[in-house]
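Structure, as structure tokens:
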Amino acid sequence: MMFKPKIIGFVCNWSQPTTLNSAGTGRIWGYPRIRFVRVMCIGRIDPVAVLETFAKGADGVLLIGCHPPDCHYVEGNLQTEYTVEILKKLIPLAGLEPERVKLLWYSPSEKQSFGQHVKDFYEQVKNFGPSPLRNEQPQSKLMLNILATKNVASDFRLRVLLGREKELTEGVNVYGEHIPKEELDATFDDIIREEFVRHMFYLLTKTKPFSVKELAETVGMKPAAVLRQIVNMRRRNMIILDHVEGTTPFYKALEVK
Amino acid sequence: MTVISCALEKKRKLPPCRAACPADVNVQGYISLLQQGKFKEAVELIRKSMPFPAICGRICVSPCQDACSRKNSDQPVGIRYLKRLAADIEREQGRIKPDSILKKHGEKIAIVGAGPAGLSAAYELAKLGYPVTVFERMPEPGGMMRYGIPDYRLRKYVVANEIAYIQDLGVEIETGVEFGKDITLDTLRDKGYRAVFIATGAQLSSKLGIPGEDLHGVFHAVEFLRLVAQGKTVDIGEKVAVIGGGNSAIDAARTSLRLGAKEVTILYRRSRNEMPALPHEIEAAEEEGVKFHFLVAPKRIIGEGTRVKEIECLRMELGKPDASGRKRPVPIQGSEHTYTVDTVIPAISQVVETSCLPTVLLDERKETILADSLTLETKILGVFAGGDIATGPASVIEAIGAGKRVATSIDRFLNGQDLHAGREEETESVSWVKDWEKITKKPERYKAPQVDVGRQSVSFEEADRLLSQAKELATVEARRCLGCGPCSECLLNEGLCDADKAIVDETLCTGCNVCAVVCPFGAIKKNERGVAQVDDLSCKGCGICSARCPEKAIIMERFTDDQIRTDISYALKKEFA
């Protein structure tokens, strides 16, 4: 049987009716396998929502917003660009192709090319094949990966920087310094790498108590590096000591109600 | 709920376009609807505030466009064209016939004059459930909209269609009834009418007051346009001089061209900058070949026998500004010169026909009816007057505004309420745009097609294509609107903006200020307690703050994270074809 991808399209409230209408009446593209979710502004979509969509088994995610100067909320849609940049960094960690996410600007005067873009995206996702997360069990390695990325995306450290990205790269910070985009990108990479490992450990220890050695084996890291993260996580109240077997301490995730 | 909270604000905050409109038309609301291609809903929304979308879409002086915030960046949004297109699409695709409104009140109301003021008052009163009768002297209702504005600007069937809508609501219009002759205030009272609204307008042209004005070949603009509108033949000859610089002067000039005049000249005593006519009308007249002579005033009209032969004029120069703010023209002595003409059309102003009115009602100068500007009461209890008859010649939209105000007054009068209480509400025009540099310039403007396709008929396919093209252009133009006011109160929350609002959970907020940075409208600020606070009036519910909040302390009222999560699950579970 031929593979038919499941694609979720997030549409902004202000481009939604015209998007669907003009593409339909223009007989360009019937959107056979795309389901749309309406939000007020495409900037409303945070990375967590997209990652969650993948976790639920979607093969591709399309973000459709109005052209930047057309935004009903002035520059709300520009926030989506930052969201997508972060997503392209996060998705590979979960074992998915970053091209499974696409941001499209829609303008009612460009329905012809818009339909073509949607079609191209559909074909691209089709070529990637089904998402490996489609029929995964909740506790599998891949599932843990995507959940860890989701936690990274909802982490304070990433989000506080993400919210200020526009301010920092386009203007200056409180000390009057201009931060180049590359520098901020490197910071993002650091944050994502560190936080991903931490949240991975957190999710693993949530299932059962782990020793440092076990953790190192599971994720394929050096035990010393794992221990450094464990110390850090204990300081942040993410993890606690569960019990000691012989001389080996076992750690368990601290669940916050 | 949000909508009501906006409306109950003591000082109503309105977008600039709506604050500028004398009839309080919800401009921002219907432009938002047009942004989404909802043409029928847009017309319905306009009809909530006034009954003439198609007429105003053609001939309104559009104070809304003059007030539009967009002009600070490039050009105002083409509000009038958009309204015209929406109304035209609705009419051509079959106007929805409204149900006649149940007459829950017994008090009969008489309205004298079926012009814009009278008809909009009738419309509002009929919506309130009063039995209304409109008396009109001319054979057809419409007033100046039918007999004063030439056909090329406003087709008769457009007027007829809008009036038919009012009649469908249950308003009765009796034509051929003259006030002062067939009916008077006394006979109306005897017939059981509890309130009378006099809105007969300013139906007479002002006289020039110069020698030779009664010669054959002098037509005053209003009478001239009325004769043409009635389909009567007017012999204007080949050379026409129109005196004046207002819209009716331009109308008279362009009509003369259409009647076969070879040379039409407009004589205006000030310069072009002071002309009160609409700029696009002046341009259109120029394109059609109307000549303009500025700083010229007529001194006398010279006849040959009983027929006009020449007009003698004086040159003027501009002096100090007068009461209207325009520079006063001062004649230059000895600058007499003549133009050879067949017809002279004075179009300087209009006056109220006071002969049929009871003298009690008139003001000291015996020119207009003395009426309260807010409630439109006159000196006689139960008699109201508004529109041109009370203000002197003005625009259609101002007459509509007067009609709306009088409807409220009459309703209160018949219910024995205070006519003044709470009427003078303060309005404030607000706009969130602080920095115009940041706004992207989008100078392209949609213009309603002025000419027909050129052929008598088009195929269905062509018509369909033209229509969808027009709709697309209109949507693009509507998107130039910045939506700069607060909640537009389009009253169609479902599906338009959902009236979403951000709510801050203060126990979770850490005061990181990310929300204040991302909010496009500056609606969130940290308050003195160090937590984020949302300004309800400025918040437009985009939800960007909620998406960016590091602590998830901001939740949206309707599009919550849970809601989006449910939507995603539902979309994924649905059977993929």
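Values in this text are rule-based calculations from the coordinates and carry no lab data. Everything numeric here is computed off the predicted structure, so don't read it as measured data. Don't worry about glycine lacking a Cβ; one is built from the backbone with ideal geometry, like all the others, and counts go over all protein chains shown.
Okay, here's what the table says:
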read-out: Ranked list, fewest to most other Cβ atoms within 10 Å of each Cβ, for B:Lys97, B:Lys83, B:Lys552; value: B:Lys97, B:Lys552, B:Lys83
read-out: Cα centroid separation, the range A:236-253 to the range A:155-224 (Å); value: 23
read-out: Residues with amide H under 5 Å from that of B:Lys309, placed H, sequence gap 5 or more; value: B:Ile302, B:Gly303, B:Glu304
read-out: Other-chain or far-sequence residues with amide H under 5 Å of A:Tyr251's (modelled H); value: A:Phe210, A:Ser211, A:Asp242
read-out: Nearby lysines by direct alpha-carbon distance to A:Lys126 (threshold 17 angstrom, same-chain neighbours under 8 apart not counted); value: A:Lys4, A:Lys6, A:Lys102
read-out: C-alpha long axis of helix B:279-288 to longest principal axis of chain B, angle in °; value: 50
read-out: Per-residue ³J(HN,Hα) for the range B:253-262, Karplus 6.51 cos²θ - 1.76 cosθ + 1.60, θ = phi - 60°, Hz, x for Gly and Pro; value: 5, 5, 5, 4, 4, 5, 7, x, 5, 7
read-out: Rg in Å to one decimal, and Dmax rounded to a whole Å, for chain A via C-alpha atoms; value: 20.9, 72
read-out: Dipole magnitude (debye, nearest 20) for the range B:129-214, charges at Cβ of Lys, Arg, Asp, Glu; value: 180
read-out: Around A:Lys206: net Lys/Arg minus Asp/Glu count, Cβ-Cβ under 10 Å; value: +1
read-out: Förster radius 22 Å - calculated FRET efficiency between A:Arg193 and A:Asn237, Cβ distance, rounded to 0.05; value: 0.55
read-out: Length added when fully stretched, A:Glu123-A:Lys166, from 0.36 nm per residue minus Cα-Cα; value: 12.2 nm
read-out: Kirkwood hydrodynamic radius of the protein assembly as shown, Cα pairs, Å; value: 31.4
read-out: Dipole magnitude of the range B:205-349 about its Cα centre (Cβ charges: Lys, Arg +1; Asp, Glu -1), debye to nearest 20; value: 380
read-out: Straight-distance crosslink candidates among aspartates and glutamates, where the alpha carbon sits under 14 Å from A:Lys252 and sequence neighbours closer than 8 are dropped; value: A:Glu214, A:Asp242
read-out: Karplus 3J(HN,Hα) series, Hz, for the range A:41-50 with 6.51 cos²θ - 1.76 cosθ + 1.60 (x for Gly, Pro); value: 9, 5, x, 5, 6, 9, x, 4, 4, 5
read-out: HN-Hα J in Hz across the range A:89-99 - Karplus 6.51, -1.76, 1.60, θ = phi - 60°, x for Gly and Pro; value: 7, 7, 4, x, 4, 8, x, 10, 6, x, 6
read-out: Cα shape, the range B:205-349, gyration tensor, a/c 1.5 rule; value: oblate
read-out: Total formal charge among the other residues, if their Cβ is under 13 angstrom from that of B:Ala23, Lys/Arg +1 and Asp/Glu -1; value: +3
read-out: Listed residue pairs exceeding 25 Å between alpha carbons, taken from B:Lys181/B:Lys366; B:Lys97/B:Lys471; B:Lys207/B:Lys232; A:Lys150/B:Lys526; B:Lys13/B:Lys104; B:Lys299/B:Lys320; value: A:Lys150/B:Lys526; B:Lys13/B:Lys104
read-out: Exceeding the 30 Å Cα-Cα cut-off - candidates A:Lys56/B:Lys38; B:Lys38/B:Lys441; B:Lys71/B:Lys127; value: A:Lys56/B:Lys38; B:Lys71/B:Lys127
read-out: Residue mean of other protein chain beta carbons inside 10 Å, B:510-516; value: 3
read-out: Gyration tensor verdict on the range B:349-392 (Cα atoms; rounded if a/c is under 1.5, prolate if a/b is larger than b/c, oblate otherwise); value: oblate
read-out: Relative contact order (%) - criterion: Cα under 8 Å, at least six apart; region: the range B:502-573; value: 37
read-out: FRET E, pair B:Lys103, A:Val219, Förster distance 60 Å, beta-carbon r, rounded to 0.05; value: 0.15
read-out: Nitroxide proxy distance, nm - points 7 Å out along Cα→Cβ at B:Glu238 and B:Ser468; value: 5.2
read-out: Gained length - B:Asn72 relative to B:Ile332, 0.36 nm times residue gap less alpha-carbon distance; value: 89.6 nm
read-out: For chain B, size of Cβ-based charge dipole, Lys and Arg +1, Asp and Glu -1, in debye; value: 660
read-out: Chain B: calculated mean residue ellipticity at 222 nm from DSSP helix runs of at least 4, using -39500 (n - 2.57); value: -9500 deg cm²/dmol
read-out: Angle in degrees between helix B:561-573 and the longest Cα principal axis of chain B, rounded to the nearest 10; value: 90
read-out: Nearest-ten-degree value, helix B:460-478 long axis tilted from longest Cα axis of chain B; value: 70
read-out: Unit charges at the beta carbon, dipole of the range A:155-253: most positive-side option, A:Met238, A:Ile179, A:Phe156; value: A:Met238
read-out: Residue order, fewest to most beta carbons within 10 Å, for B:Leu508, B:Leu419; value: B:Leu508, B:Leu419
read-out: Volume in Å³ per residue [convex hull over Cα atoms, computed for the range A:155-253]; value: 110
read-out: For chain B, the Rg and Dmax computed from alpha carbons only, in angstrom; value: 27.3, 94
read-out: B:Tyr570-B:Arg258 FRET efficiency (beta carbon distance; Förster radius 56 Å; 0.05 resolution); value: 0.35
read-out: Residue-averaged [θ]222 nm for chain A, counting only DSSP H segments that reach four residues, each worth -39500 (n - 2.57); value: -15500 deg cm²/dmol
